[in-house]
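Below is one structure, written out as structure tokens; comments come after it.
The values are calculated or read from the model by the stated rules, or taken from the named source; none is laboratory data. Just so it is clear, the structure is predicted and the values come from calculations on it, not from any experiment. Cβ placement follows ideal geometry from the backbone for every residue including glycine, while neighbour counts extend to all protein chains displayed.
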């Protein structure tokens, strides 16, 4: 899937440093499936002389990420449409082209059950006319989708997809992830401004307001994890969640009061950051025009879509890494399943959750949206920060103290949750229209 | 359940927090303020019970927690708090009575739009009073003492739109300040001679034998021991605060405040602070000082009782009765039985609070009619108030055996009887016993018996439960506190383990029972058998001895006396000072001024030509320079930045070409 | 080792220079953001990855947004679209002053004997930085926190329209 | 003459500083002036990192510390500066720096 990078000493790496992975295979579990990606990588890059190998490794990682997540994107769109269809009691896309092969007529028509839909969509997007509005800023108009996709892809680089499967092992990987993620705002702005369309621009500013608002709870929600794990490195954070208590309860952060609260806040903010329903105001296609995407068509539009799905995958992957134990198996006897399979399963579960939420919840108004972030999520995230401090302080002492921290920390987060929720629930009520029936 | 001394400070802190809450709640937040105040007092009561448990476990020990406040030159000023039985009993009493009075206030004040401030002030007062009780440093005690005075001022003047209330508040504040001056002087002198203000400090405190012996050994003017002088100065403070003769004049006027205030501050707690102070510093008091205290107390007791006979305002009567009872307590301290004083303080706090709250209930029901001549016949409509008031009255009058007042008064009389120096205070006390029973009977008869004499008392009906329940509880306590006396040496042992217990004299007890019977009997004979017909009809006693009653009714003309003496003296002094100022000093100043003017005249000639010219020229050139420089103030930010850049280049060039070493 | 530095430096300087000459404000701002990213790349090259990510997070993520919002909020005026009358003179003055500063700085760099570079690059792991921040520099951290808070409040106060002042403004 | 990496870094930062300076001096748009100042600040930060990287330093993270604090302060500066720009705009309906000279002498 991607390249192994483990520096000989974490402090002494330079960009895209890759170390010979043979030494690592011995330390990792030596099952074939577990090592298969690394061995594949070594089989390919081993053909090159040593000084060039890091470039090859990097290219391999890029190709792997694009291949895997490109395919994932394709089938996720299909999955989303299917799931939405099932929820809304309709079949969803099921008539994608059924190919016939002229040279093998005996095969007849092959039914694909709609599985070919993404490819059909791709062909359609590629063949549509690429319209650039007159008077648009042509360069930026072109750059915006490219930049968005580039930033979204960059975030994928530091996620450990499995044991020894991380494209770039950084000391400050989490910071890198969110620094790259913050840059997507620029692309949104570029798209809105370059379209030379006042609605696009307005929508872009609104999208920016939303992204900036939710950046804060998103950032604050993972700080507790960093505090507890004592590192900003994704690999180290996964390492910190290793092992099982009593042999069957994994040490995942989500299974602590602060971790659970952080996870929920993270996921809500992630929904907003990736413009997913119920926070999909920037491109609410059914009530506002498509926002900053209004003037885009064809493959540029597909790029935006791809970037959205990449971002969703990246944020879900980060959530898995930070809170759900990364690629680790939930139970000891399940470890025989390769680590990347576990990661993929958790990732897909989260993404399906995103889709479920999209199918279930109504959309918020913009004022409700920003209020929800500033008055609810941010205070809760800050309280959770203090909560984690309490947790850490109480875990050093006696067993009784260690037991007492569970109710204490749960109370610290639940009480403000209830209180803030009660205080604000009125403002999320449906608006009453005075003159409408 | 016991509270270690290290945490005793929590008890005053709670009402202080409640006061803070009361201060910041919005105008309408009476509920919040009152709930905070009552909650703080109830919680404080439980904590105080814990403190009492701690204190009773080691009655002889003065558990202290001292800390350094700040460094003062070479020495360190230290504060602290102390937990011993006397403090613990006071804590329990203040919090318990306070809580009940707070509850009573919710009913009494609920129509007042400033009730929120009222609870804030009450809490502030309670906090300061509890601070006085637990203080282990004369300085800390003084701080809280003054805070108590402030709260009292605020509460007496609570209805400041009434001119009398405002005047009474000022009077109370200033009169007590006169006494506090003595206390301050005593405190400074004490610090000067001992270097400490802590009461108990592991052998170094001012109340501990080393320091006391040291103070006793030093003689000042007239052969008096230093401790006598300091003790009397401190006593000045107690005189002011406890309304002793001759500074008692503020206390009856203080009844202008709301009735719960009168009950809490001017009957139960604050005025008792003086007695408490004297009991606290008792080890410091020499026999000479005690003589003064005993006679002051006796005079106050008799005088208060005499004046009370001729008053008509229900609260005034109770106020003078308070003065009288405080005199009893001082008498007890003077004759050496501070335990009896504290005992009487405790019982008095309960039954006097009860009486005041009962009076408040009556006043509340009768639409703020306070004149007993206009009341009457309230026995029927206000059954609970009547019953509880009667219990309070009997406790105050000293009806035997069942009521706590009897036992505490008995203890005092017994101690006075045993005083070797003089029996005069004892006889004055006995007289006061008769008078007390007499005027309380009069009060009962006028208020509750007979028939309603005005519209207001006709339509009186029982007060709400928030007012009657505290009355009932206090009434139960007024009876139950007898138990403190019952195993007679018990309280004595707890409070003062060193003193030996004396058996009660049966003869003395019989005598006082007889005296009480005479008082009540004569009172009933004059006022009870034939009740008053109209509000305006003449007082039966005044008809017989009009001169005496008029003199007493005018409060023995003390206010007039002060107006004629102290105020006149003050005015004369002011006039003299004014004259001195106007003619002597002013003349001198004017002479100097004339000299100055002459010198100025001489100076000006040289100045204008010589110096002035120079200054003018300098100023002109300064102004021109300023104008020139202000032209550089172009408002062009680019220009500034450019200048900075060029300056930077020049600097670097200078450093690099010329400055290299 | 040197080659990436040269590439980064040239790109950054070129981007910044173009940004400073463009007439289109949005393009200028975006290019400047690019040059900030270039500076982050330099930090990365030098091994200060934490500083690099902080630079990206703060400048590319946050300051850029403020700049863009400010540009859009102040875009209406005609005067800003015209070339100022004194543009040429000011530009010349700026070039002169800038050139002088550049010359002086280059001269200083060339003339100064600098210490020989140590063979091993210093390490500043995130953990070490965190410990320094919370240990030796805790007071500075607090002060910076206060500064940021005050600056935020100050910015809000300065930029917000007060209702009473509105009339005076309309005058 | 061969350049050491440190010297290259210093030249880089000097050049960037001068670009910022020229920008700040020549542009009339207050936002661009502010951005020029911001660029100069960044150039200064470059020096901290360069010296930290290439010369012996007393403590391992000193240069990075400087830069982190400097970035934080620069963020504050940008926020206040741009708020000021908006205030200027509201006052004089444009953001020409030359016209913001009411307080001149």
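Pairs, please: C-beta under 6 Å, at least 6 apart or cross-chain, first residue assigned to a loop (DSSP other than H, G, I, E, B) and in the stretch B:508-532, second surrounded by 14 or more Cβ atoms within 10 Å (Cβ to Cβ)?
Pairs found: B:531/B:449; B:531/B:450; B:532/B:450.
What are the residues in the stretch D:64-83 that are in contact (Cβ under 8 Å) with a residue 12 or more places away in the chain and at the interface with chain C (Cβ under 7 Å from one of its Cβ atoms), if any?
D:64, D:67, D:71, D:78, D:82
Can you name the number of the only condition in (1) part of a loop (DSSP other than H, G, I, E, B); (2) surrounded by fewer than 24 Cβ atoms within 10 Å (Cβ to Cβ) that residue B:426 fails?
That leaves (1) as the condition not met.
Could you please find all residues in the stretch B:634-652 being more than 21 Å from residue D:85 (Cβ to Cβ) and surrounded by 15 or more Cβ atoms within 10 Å (Cβ to Cβ)? Full working, then the answer.
So in the stretch B:634-652, the residues more than 21 Å from residue D:85 (Cβ to Cβ) come out as B:643, B:645-652.
Within the stretch B:634-652, B:645, B:646, B:648, B:649, B:652 meet the criteria.
Under the condition of being at the interface with another protein chain (Cβ under 7 Å from one of its Cβ atoms) and buried (at least 23 other Cβ atoms within 10 Å of the Cβ), which residue from the stretch C:10-24 is farthest from residue A:196 (Cα to Cα)?
C:12
Report, by residue number, each residue of the stretch A:59-77 that is surrounded by 19 or more Cβ atoms within 10 Å (Cβ to Cβ) and out of contact with any helix residue (DSSP H, G or I) (no Cβ under 7 Å at 6 or more places or on another chain).
A:61, A:64 - these are the residues of the stretch A:59-77 that are surrounded by 19 or more Cβ atoms within 10 Å (Cβ to Cβ) and out of contact with any helix residue (DSSP H, G or I) (no Cβ under 7 Å at 6 or more places or on another chain).
Answer with yes or no whether residue B:582 is under 60 Å from the mean Cα position of the chain (by Cα), surrounded by 10 or more Cβ atoms within 10 Å (Cβ to Cβ) and in a helix (DSSP H, G or I).
Taking the combined requirement at face value, the residue satisfies it.
When you check residue A:123 against the structure, is it in contact (Cβ under 8 Å) with a residue 24 or more places away in the chain and outside the structural domain of residue A:192 (by TED's automatic domain parsing), yes or no?
Numbers: in contact (Cβ under 8 Å) with a residue 24 or more places away in the chain: no; outside the structural domain of residue A:192 (by TED's automatic domain parsing): yes.
So residue A:123 does not fit the description; no.
When you look at residue C:56, is it under 13 Å from the mean Cα position of the chain (by Cα), crowded, with 22+ Cβ neighbours inside 10 Å and either facing chain A (nearest Cβ under 9 Å) or modelled with pLDDT under 85 (or both), yes or no?
Values: under 13 Å from the mean Cα position of the chain (by Cα): yes; crowded, with 22+ Cβ neighbours inside 10 Å: yes; either facing chain A (nearest Cβ under 9 Å) or modelled with pLDDT under 85 (or both): yes.
So residue C:56 passes the test.
Hey, does the stretch A:88-106 have a residue that's without any contact (Cβ under 8 Å) to a residue 40 or more places away in the chain, in a helix (DSSP H, G or I) and surrounded by 14 or more Cβ atoms within 10 Å (Cβ to Cβ)?
For the stretch A:88-106, residues without any contact (Cβ under 8 Å) to a residue 40 or more places away in the chain, in a helix (DSSP H, G or I) and surrounded by 14 or more Cβ atoms within 10 Å (Cβ to Cβ): absent.
Mind checking which residues of the stretch B:604-661 are within 14 Å of chain D (Cβ to nearest Cβ) and over 30 Å from residue C:96 (Cβ atoms)?
Passing the criteria: B:623, B:624, B:626.
Kindly indicate whether residue D:49 is in contact (Cβ under 8 Å) with a residue 60 or more places away in the chain, facing chain C (nearest Cβ under 7 Å) and either under 19 Å from residue C:36 (Cα atoms) or in contact with a strand residue (DSSP E or B) (Cβ under 8 Å, 6 or more places away or on another chain) (or both).
No.
Does residue A:353 satisfy being at pLDDT 90 or above, farther than 21 Å from residue A:225 by Cα and surrounded by fewer than 19 Cβ atoms within 10 Å (Cβ to Cβ)?
Criteria met by residue A:353.
Please enumerate the residues belonging to the stretch A:170-182 that are touching a residue at least 40 places away in the same chain (Cβ under 8 Å), in a helix (DSSP H, G or I) and within 7 Å of another protein chain (Cβ to nearest Cβ).
Correct list: A:175, A:178.
For the structure I just gave you, tell me whether residue C:97 is buried (at least 17 other Cβ atoms within 10 Å of the Cβ), outside any helix (DSSP H, G or I) and either in contact (Cβ under 8 Å) with a residue 24 or more places away in the chain or away from chain A (no Cβ under 11 Å) (or both).
Working: buried (at least 17 other Cβ atoms within 10 Å of the Cβ): yes; outside any helix (DSSP H, G or I): no; either in contact (Cβ under 8 Å) with a residue 24 or more places away in the chain or away from chain A (no Cβ under 11 Å) (or both): yes.
For residue C:97, the condition - buried (at least 17 other Cβ atoms within 10 Å of the Cβ), outside any helix (DSSP H, G or I) and either in contact (Cβ under 8 Å) with a residue 24 or more places away in the chain or away from chain A (no Cβ under 11 Å) (or both) - is not met.
From the residues in the stretch C:28-53 that are assigned to a helix (DSSP H, G or I) and over 16 Å from the mean Cα position of the chain (by Cα), which one is farthest from residue A:147 (Cα to Cα)?
Going through the stretch C:28-53, the residues assigned to a helix (DSSP H, G or I) turn out to be C:28-46, C:49-53.
If we keep only those that are over 16 Å from the mean Cα position of the chain (by Cα) too, we end up with C:44-46, C:49-50.
Numbers: C:44: 20, C:45: 22, C:46: 25, C:49: 22, C:50: 23 Å.
Top of the filtered list is C:46.
For the stretch A:187-205, give me each residue that is assigned to a helix (DSSP H, G or I) and either touching a helix residue (DSSP H, G or I) at 6+ places or on another chain (Cβ under 6 Å) or crowded, with 24+ Cβ neighbours inside 10 Å (or both). So that I can check it myself, show each step before the final result.
We begin by selecting, within the stretch A:187-205, every residue assigned to a helix (DSSP H, G or I); these are A:187-194, A:198-205.
Within the stretch A:187-205, A:187, A:188, A:189, A:190, A:191, A:192, A:193, A:194, A:200, A:201, A:203, A:204 meet the criteria.
What's the number of the only condition in (1) within 12 Å of chain B (Cβ to nearest Cβ); (2) crowded, with 19+ Cβ neighbours inside 10 Å that residue D:102 fails to meet?
So the condition that residue D:102 fails would be (2).
Taking only the stretch D:1-33 into account, find how many residues are more than 7 Å from chain C (Cβ to nearest Cβ), surrounded by fewer than 24 Cβ atoms within 10 Å (Cβ to Cβ) and under 17 Å from residue C:31 (Cβ atoms).
1
Among the helices (runs of 4 or more DSSP H) lying completely within the stretch A:311-426, list those that include at least 3 residues that are farther than 30 Å from residue A:233 by Cβ.
Where helices (runs of 4 or more DSSP H) fall fully within the stretch A:311-426 and carry at least 3 residues being farther than 30 Å from residue A:233 by Cβ, they are A:339-360, A:366-371, A:399-425.
Condition check ((1) in contact (Cβ under 8 Å) with a residue 12 or more places away in the chain; (2) surrounded by 24 or more Cβ atoms within 10 Å (Cβ to Cβ); (3) in a loop (DSSP other than H, G, I, E, B)) across all residues:
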| site | (1), (2), (3) |
| --- | --- |
| B:39 | yes, no, no |
| B:44 | yes, yes, no |
| B:47 | yes, no, no |
| B:61 | yes, no, yes |
| B:78 | yes, no, no |
| B:93 | yes, yes, no |
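Identify the single condition in (1) at pLDDT 90 or above; (2) away from chain C (no Cβ under 12 Å); (3) under 26 Å from residue A:320 (Cβ atoms) that residue A:167 does not satisfy, given that it satisfies every other one.
(1)
Restricting to the stretch B:308-356, what's the tally of residues that are more than 24 Å from residue B:402 (Cα to Cα) and in a loop (DSSP other than H, G, I, E, B)?
5
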